[in-house]
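The values are calculated or read from the model by the stated rules, or taken from the named source; none is laboratory data. Keep in mind that what you see is a predicted model, and the values were worked out from it rather than measured. Here the Cβ is made from the backbone with ideal geometry for all residues, glycine too, and neighbour counts use every protein chain on show. Protein only, heavy atoms only, side chains kept; ligands, DNA and RNA dropped before computing areas. Shrake-Rupley method; radii C 1.70, N 1.55, O 1.52, S 1.80 Å.
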Amino acid sequence: MTEAEAAADFHAFFERHHAELSRLAYLLTGETDAADDLAADAMVALWHRWDRARRADSTAAYARGIVANLARSRIRSTVRERRRVLLFWSHRAERTDGPDLAAVMDVRAALDTLPFRKRACVVLRYAFDLSEKDTAAALGISVGTVKSQTSKGTAELQRLLGTRAADDLVARGSR
């Protein structure tokens, strides 16, 4: 494949998947600006590895894996930074801008309590409606791990949100 053909192929992939990758990054981090940055960073990383990515079983799963890894790194970095800040300043409650619905905030807060792998499995399975196999490929883990982490994650969400709210969330995500 020539460089021009590779560039055209990548451009087509970018147009099809950039918004999805940005949404995945948002659901994993909860930060709109960070999501756009992570999606852009993932696309840059994907372009640098485009030959390898094109040969993958699923280029979209490969890209989701990059986003998940970048989100994990960002979350870890943010946690470290917040711990350092707490050493110097008192903790103030975070404010949200704009009129968010209470249910959205409850789900976001419940998702934030889940460890990264459980959250990623739940988000990919229900918000992105990926199969267990595709979720495993995106996260670089086994299908069995996806099954157990998704099960444990939804159980924790049910405990936090109540059985009916969690079931509604799962039902909406699988449509």
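Quick notes on this one:
- Using a Förster distance of 30 Å, the FRET efficiency for Arg83-Arg23 (Cβ separation, nearest 0.05): 0.55
- FRET efficiency, 1/(1 + (r/R0)^6) with R0 30 Å, evaluated for Arg16 and Arg76 via beta carbons: 0.50
- Cα centroid separation - region 14-79 against region 108-142, whole Å: 14
- Shown here for region 24-90: chymotrypsin sites (Phe, Trp or Tyr not before Pro) in loop regions (DSSP other than H, G, I, E, B) with at most 13 other Cβ atoms within 10 Å, namely Trp89.
- Modelled FRET efficiency - R0 25 Å, Phe128 with Asp33, Cβ distances, 0.05 increments: 0.75
- Accessible area of Ile141 in the full protein assembly, 1.4 Å probe (Å², nearest 10): 30
- Heavy-atom accessible area for Met1, with the other protein chains in place and a 1.4 Å probe, reaches approximately 140 Å².
- Amide hydrogen neighbours beyond the local backbone of Leu130, cut-off 5 Å, H modeled: Arg125
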